[in-house]
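**Q** My questions all concern the structure below.
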Amino acid sequence: MSRTTQTGTVTEVPTQTIRFTLNDEAVFCTVDIRKSLLEVLRESFGLMGTKEGCGVGECGACSVIIDGRTIDSCLYLATWADGKTVTTIEGVTDPDGTLSDIQEEYVEAGAVQCGFCIPGMIISSKQLLDDIPNPTRAEIRRGLSGNMCRCTGYQKIVDAVENTAARRNRKDS
Ligand code: FES
Ligand code: FES
């Protein structure tokens with residue numbers, strides 16, 4: 001890949017081919033090594049569910065799960081995903097479009113307003129419940145502390161996560 005500067009010189013854009021697991025599918029992609037994972041997910045894979053809010057690691061709108069940890073994909077270079085397992089909001093919903101239990105409980109609790117923060121919230125909720133199946137409200141708040149919401153006041157979001165845990169317990173008993 002190359003581009004022409006204003007002075008007419010041709011500069012090489014450094015690229016690297018990365019291979020990783022994306023929402024249960026083995027994928028590869030040649031990326032500009034300066035691009036964030038957020039940019040590559042949206043521009044190269046067309047996964048528009050992961051949002052860019054602040055772009056500087058403050059809001060959590062860009063959250064994805066990598067190898068069992070929630071990260072801000074705006075601060076994570078795409079090349080770092082090489083060899084890893086990445087889950088985006090598209091991987092939380094079933095391939096046929098059926099909502100996950102977490103998403104259903106968000107809807108049920110009225111925890112979604114403008115929705116801009118919600119993909120990141122759902123991602124963090126998923127990892128939180130994977131790590132702590134029966135979290136206290138304090139643990140839910142801590143687990144979602146990297147995600148900002150300008151609309152809901154958080155109460156209903158915490159309710160939704162709590163209700164998901166309760167629903168899973170009913171299923172197990
Ligand atoms: S867009 Fe990544 S933390 Fe805000
Ligand atoms: S629902 Fe609007 S920012 Fe959270």
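The values are calculated or read from the model by the stated rules, or taken from the named source; none is laboratory data. Please read all numbers here as calculations on a predicted model, not as lab measurements. Every residue, glycine as well, gets a Cβ built from its backbone with ideal geometry; the counts of neighbours run over all protein chains shown. Only protein heavy atoms, including side chains, enter the accessible area calculation; ligands, DNA and RNA are left aside. Shrake-Rupley method; radii C 1.70, N 1.55, O 1.52, S 1.80 Å.
**Q** Could you list, in sequence order, all residues of the range 120-132 that are within 16 Å of ligand 2 (Cβ to nearest atom) and either open to solvent by 60 Å² or more (accessible area, probe 1.4 Å) or touching a residue at least 40 places away in the same chain (Cβ under 8 Å) (or both)?
**A** Passing the criteria: Gly120, Met121, Ile123, Ser124.
**Q** Do we have any residue at all in the range 142-152 that's free of Cβ contacts under 8 Å to residues at least 60 places away in the same chain and part of a helix (DSSP H, G or I)?
**A** yes
**Q** Kindly indicate whether any position in the range 157-171 is open to solvent by 30 Å² or more (accessible area, probe 1.4 Å), within 14 Å of ligand 2 (Cβ to nearest atom) and out of contact with any helix residue (DSSP H, G or I) (no Cβ under 8 Å at 6 or more places or on another chain).
**A** no
**Q** Could you say whether any residue in the range 127-140 is touching a Phe, Trp or Tyr at 6+ places or on another chain (Cβ under 8 Å) and under 21 Å from Thr88 (Cα atoms)?
**A** Within the range 127-140, not a single residue is touching a Phe, Trp or Tyr at 6+ places or on another chain (Cβ under 8 Å) and under 21 Å from Thr88 (Cα atoms).
Condition check ((1) closer than 25 Å to Ala165 by Cα; (2) away from ligand 1 (no atom under 16 Å from the Cβ); (3) within 13 Å of the chain's Cα centre (by Cα)) across all residues:
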| position | (1), (2), (3) |
| --- | --- |
| Cys29 | no, yes, no |
| Asp32 | no, yes, no |
| Met48 | no, no, yes |
| Trp80 | no, no, no |
| Lys84 | no, yes, no |
| Pro95 | yes, yes, no |
| Gln113 | yes, yes, no |
| Pro119 | yes, no, yes |
| Lys126 | yes, yes, yes |
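**Q** Determine if the range 32-45 includes at least one residue that is free of Cβ contacts under 8 Å to residues at least 40 places away in the same chain, more than 30 Å from Leu144 (Cβ to Cβ) and β-branched (Val, Ile, Thr).
**A** There is no residue in the range 32-45 that is free of Cβ contacts under 8 Å to residues at least 40 places away in the same chain, more than 30 Å from Leu144 (Cβ to Cβ) and β-branched (Val, Ile, Thr).
**Q** Would it be correct to say that Ser145 is within 15 Å of the chain's Cα centre (by Cα), closer than 19 Å to Ser63 by Cβ, open to solvent by less than 20 Å² (accessible area, probe 1.4 Å) and within 16 Å of ligand 2 (Cβ to nearest atom)?
**A** Answer is no for this residue.
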